[in-house]
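Each remark here refers to the structure printed beneath this line.
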Amino acid sequence: MPGADKETDLSERIESFLSELKRCGSGAGSLRGSAETARETTALLRRITAQARWSNAGDLMEIIRKEGRRMTAAQPSVTTVGNMVRRVLKIIREEYARSRGSTEEADQQESLHKLLTSGGSSEDNFRQHFAHLKANVIEAINELLTELEGTTDNISMQALEHIHSNEVIMTIGRSRTVEAFLKDAARKRKFHVMVAECAPFCQGHEMATSLSKEDIETTVIPDAAIFAVMSRVNKVIIGTQTVLANGGLRAVNGTHTLALAAKHHSTPLIVCAPMFKLSPQVSDTPVQSHLHDLVKLTSILSKVNAHCPVFDYVPPELITLFISNIGGNAPSYIYRLMSELYHPEDHEL
Amino acid sequence: MAGKAGKPSRPRKADKDEEEQPLQAVLVADSFNRRFFPITKDQPRALLPLANVSMIDYTLEFLTSTGVQETFVFCCWMASKIKEHLQKSKWCRPTSPNVVHVITSDLYRSLGDVLRDVDAKTLVRSDFLLVYGDVVSNIDISQALQEHKQRRSMDKNVSVMTMIFKESPPGHKTRCEDDDIIIAMDGKSKRILHYQRAQALKRLHFPMNIFHSGSDEFEIRFDLLDCHISICSPQVAELFTDNFDYQTKNDFVRGLLVNEEILGNQIHMHVTKDGYGARVSNLLMYDTVSSDTIRRWVYPITPEANFADLEGQSCTHSRHNVYRETGVSLGHGSQMEENVLIGRNTMIGANCTISNTVIGANCVIGDNVTLDRAYIWNRVHIADDVKVKQSVICDNVEVKHGVVLNEQCVLAYNVVVGPDITLPEGTVLSMHHPDEEDDEDDDEFLSDDNDVGYRKDKTKLKVFNPAEVGSEGKGYRWKTSSLEDTEEDELAECIWGEIPPEVSSNICCFDVVLLGVEQSLYVSSQLLKKWAPVFKNYVKRPQDQLDCLASMEEVFLERETHWAALVKVLMSMYQLEILEEEGIMHWFNQGSTTDKSQQLRRNQGLLKFIQWLQEAEESSEEDE
């Protein structure tokens with residue numbers, strides 16, 4: 001039966017995606033960049049939309065929400081998956097509203113007036129059937145995919161505005177976005193880069209080799225030397241794993257150190273992050289300064305508890321500027337960007 | 001073929017090598033010993049929970065993540081439970097990358113039987129992984145597998161098996177003391193030349209021929225932890241069929257190494273430095289592997305990853321390795337200090353202190369409870385003011401208030417322990433009476449760790465003893481051997497794994513008697529009578545008797561003042577039929593090497609005894 005085949009094929013793909021997510025942390029560092037994960041998630045969601053059985057927007061949203069919950073539960077530290085699910089849910093809402101003919105603005109504004117005058121919840125609004133909804137949603141998801149593919153280029157295009165000649169730039173670890181950013185600027189300007197190696201995986205080394213291949217003067221420094229060297233640095237440019245809703249970061253360990261050193265020397269800290277990394281989570285432990293994601297160490301030590309956190313929380317006060325594919329923004333503006341990307345009801349999947 | 005989703009496509013015969021074959025594994029879900037009795041009277045070992053997930057799930061996850069596509073699970077004891085569990089698990093879903101076949105039979109008695117069955121059914125087509133159902137590991141086998149295949153293709157089928165070991169310093173707690181091995185290997189080709197269980201021996205003998213194997217780099221290693229994971233070629237199954245003597249892996253390895261010149265088969269090894277692999281072979285290992293899992297040494301198999309995909313088993317991971325599942329409620333003032341895993345819907349009362357503990361689902365724990373290194377399974381009720389230290393509490397147990405469980409206690413399923421009682425160290429309580437008839441037949445299980453069957457005190461009572469379980473308690477105490485005042489690990493035969501070495505080792509017999517006699521000197525002959533069954537167990541052959549006497553000699557040589565007692569000891573041993581006349585005479589007539597022992601033999605009392613013995617011998621001969 002072709003129908004049953006499609007369904008089992010679909011669930012197979014979902015299962016294999018889930019198991020890949022679960023194992024994605026098992027190598028040293030992450031085996032795939034977040035851009036790839038985002039693209040694969042979106043492609044999978046598009047496939048679900050195309051192949052699953054649903055008759056109205058409400059059903060589709062339920063299905064996507066359910067799969068989204070499973071995917072985020074499989075690997076909670078990879079937030080791009082949840083972000084993409086929320087984007088798709090927002091797309092569905094928009095397309096539905098467009099099909100109904102009502103304007104988007106009316107739904108967005110949560111003004112006091114609206115709260116007082118409007119009646120019940122808009123739950124039952126999604127039950128109408130529209131013939132072209134499926135096609136519209138799939139088209140919108142395709143647009144999202146193209147947007148995802150162009151994020152790195154969009155960010156790199158802004159490099160020349162921020163990097164000037166003979167500047168000393170510091171970065172930490174390896175971020176593909178920052179790499180592309182710096183390489184783009186290097187085509188026209190001459191500057192010097194210092195890379196903090198970011199133990200224990202020392203991805204900074206790979207970053208340095210890659211940058212030096214483009215004839216950028218690079219220096220690798222150990223993490224302990226960050227503060228000592230900071231006085232000579234003009235700008236700090238870093239990537240991140242996630243941008244939190246309050247404007248803070250969840251970035252690779254060592255970033256908080258870097259941010260504090262930069263603050264102390266009043267050096268601007270610029271974060272290059274595409275929009276798909278923006279997550280509606282707020283760090284739930286603002287006092288605690290690390291989020292644990294422990295990774296295996298190389299020898300069994302008995303009687304010793306070894307901690308190796310992979311991510312750091314960086315509070316928004318330490319950040320100067322966010323550069324994303326839609327331009328530069330201050331950390332205090334992040335919440336506004338978020339409301340454009342995700343619907344408030346989808347924050348909790 | 002189009003409609004079959006989820007099954008790996010079978011390679012057509014036209015395809016070339018074995019490289020196209022999906023990797024297979026043989027999982028032996030039965031350990032063929034009774035180390036976990038009485039817990040395993042109700043539940044097979046492979047289904048016991050480790051950090052709230054059944055042990056067999058860890059093994060299957062390890063196999064699946066290392067690329068195995070077809071697994072054969074062999075079960076014997078309580079096979080139906082294992083089968084049911086697997087069918088509900090994620091590995092039997094159609095989308096699972098690893099296809100699991102469960103094969104059950106009541107006739108398996110050892111690993112050898114399983115492998116003979118594998119051979120008879122020709123289940124394996126090429127190299128396969130052989131593991132037990134209680135192995136927890138995150139090692140990536142692909143490199144070892146590649147080396148194995150390379151070796152086999154270069155030297156046509158000479159290398160039969162590759163064993164996986166982990167580097168681990170001696171004395172490390174993940175090393176199981178019973179499983180300690182000493183290996184002599186060829187440094188370049190990683191071939192195993194000699195394999196021996198260490199068993200706390202102080203002296204070891206290596207046969208000289210191993211050093212003639214033609215290589216110039218030898219390593220003798222004691223820093224290896226056996227992960228009990230092996231990459232075997234199909235020949236292994238055939239070798240087991242050819243040799244009915246091979247029952248355990250130990251037999252097999254030693255047999256192969258001994259017969260190397262004849263059969264030409266070799267065993268190689270692979271040592272991993274990263275990666276974790278351990279087998280839960282006794283309760284001490286259970287404690288260690290559990291705490292290693294909680295402390296994330298087995299990443300990515302961690303409690304919050306929920307790798308077994310169980311519904312409702314997601315948990316959050318916080319600082320100091322504290323994991324909480326959904327629905328946990330913690331009372332006021334309670335502290336979860338470090339390395340704690342709490343199952344879902346568990347309620348914990350006020351002012352509790354919990355550390356290094358695993359608590360299962362739906363438990364109710366009262367106020368002022370102290371839990372340290374406790375392993376509490378599901379639906380347990382613990383009342384107020386209870387202290388638990390390094391113990392295992394199985395499902396549905398009720399612990400009333402004021403109870404103190406000392407180290408190494410085990411409360412098996414459904415037991416109730418009464419109020420205000422302190423259980424001494426090493427108490428094992430179970431609802432099954434120790435004398436209960438087994439439904440299984442009495443064939444001995446044959447396994448590498450099967451040792452002298454521990455003795456249970458034959459109590460004739462069928463009622464609960466309030467002194468053991470408290471006034472409201474229910475359960476029978478499973479006593480270990482009747483040696484209550486010994487501290488020597490060799491003599492205490494309890495399930496925590498401190499078991500005496502195998503009978504076949506002469507040196508241990510020596511030690512046993514040595515220690516036994518030492519103790520008796522200080523206490524009395526009463527003690528000797530009490531220990532008679534143990535001695536008789538060890539001293540069976542004439543060689544053993546000589547050893548026994550030699551050890552006694554050694555003891556007495558150190559204590560000149562006690563030579564008078566020597567006669568008494570010999571007399572009682574003779575009367576208890578531990579030693580026989582021939583043995584004693586032989587020993588006496590043996591040429592003595594030191595002056596002191598010559599002096600000993602000239603001792604008056606001893607001479608008289610020997611004379612009496614000779615007369616007794618003659619008279620018994622005349623009678624006959």
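Distance from the Cα centroid of region A:218-241 to that of region B:286-326 is 36 Å (rounded to whole angstrom). When the charge dipole of region B:306-430 is built from unit charges on Cβ atoms (+1 for Lys and Arg, -1 for Asp and Glu) and taken about the Cα centre, the candidate among B:Val340, B:Leu411, B:Val364 whose Cα reaches farthest toward its positive end is B:Val340.
Here is the P(r) of region B:149-221: all C-alpha pair distances, binned every 5 Å from 0, give 3, 13, 22, 22, 20, 12, 6, 3, 0 in whole percents. Distance between the pseudo-spin-label points of A:Val282 and A:Asn166 (7 Å out from Cα toward the beta carbon): 4.6 nm.
Length, then width, then depth: along the principal axes, the Cα atoms of region B:91-141 run 31, 25, 23 Å.
Annotation for B:Ala616 and A:Thr209: the two label points, set 7 Å from Cα along the Cα-Cβ direction, are 8.2 nm apart. According to the Cα-based calculation, Rg over Rh for region B:306-430 is 0.96, with Rh computed by the Kirkwood formula. The residues packed around B:Gly349, meaning those with a beta-carbon under 12 Å from its beta-carbon, carry a net charge of -3 if Lys and Arg are +1 and Asp and Glu are -1. Put a plus charge on the Cβ of each Lys and Arg, a minus charge on the Cβ of each Asp and Glu, and nothing anywhere else: the dipole of region A:153-293 about its Cα centre is then about 260 debye.
In summary, the convex hull built on the alpha carbon positions of region B:162-318 has an orientation-averaged projected area of 12.0 nm². Normalising the average separation of contacting C-alpha pairs (under 8 angstrom, six or more residues apart) by the number of residues puts the relative contact order of region B:158-230 at 48 percent. Overall form of region B:35-123: oblate. Here a/c, set by the Cα gyration tensor axes a ≥ b ≥ c, is 1.5 or more, and a/b is not larger than b/c. A Förster radius of 51 Å, combined with the Cβ-Cβ distance separating A:Ile326 from B:Gln143, puts the computed FRET efficiency at roughly 0.65. Projected label points at B:Met585 and B:Lys474, each 7 Å from Cα along the beta carbon direction, are separated by 6.1 nanometres.
Beyond a 20 Å Cα-Cα separation, which of these cross-linked pairs lie in this structure: B:Lys41/B:Lys249; A:Lys22/A:Lys90; A:Lys6/A:Lys134? With Cα atoms farther than 20 Å apart: B:Lys41/B:Lys249; A:Lys22/A:Lys90.
Maximal additional length on extending the B:Arg221-B:Gln575 stretch stands at 122.8 nm, based on 0.36 nm per residue less the C-alpha distance.
Which number comes out as Rg/Rh for region B:111-246 once both Rg and the Kirkwood Rh are worked out on C-alpha atoms? Before the final figure, lay out each step's value.
Values: Rg = 15.9 Å, Rh = 16.5 Å.
The Rg/Rh ratio comes out at 0.96.
Here the ratio of the Cα radius of gyration of region B:24-283 to 2.2 N^0.38 Å is 0.98. Grouping the Cα pair distances of region A:153-346 into 10 Å bins from zero gives a pair-distance distribution of 9, 36, 36, 15, 4, 0 percent in increasing distance order.
Placing a label point 7 Å from the Cα of B:Ser153 along the Cα-to-Cβ direction, the residues of region B:234-255 whose backbone N falls under 17 Å of that point are B:234. I need the calculated FRET efficiency for the pair B:Glu238 and B:Lys81, taking r as the beta carbon distance and R₀ as 35 Å, to the nearest 0.05. After rounding to 0.05, the efficiency reads 0.65. Applying 1/(1 + (r/R0)^6) with R0 = 30 Å to the Cβ-Cβ distance of A:Asn125 and A:Lys6, what FRET efficiency is obtained, to the nearest 0.05? E(calc), rounded to 0.05, equals 0.55.
Bear in mind these aren't lab numbers, they're just calculated from the coordinates by the rules spelled out. This one's a predicted model, so the numbers in the text were calculated from it and none came from an experiment. In this analysis, Cβ positions are derived from the backbone assuming ideal geometry, glycine residues included, and neighbour counts consider all displayed protein chains.
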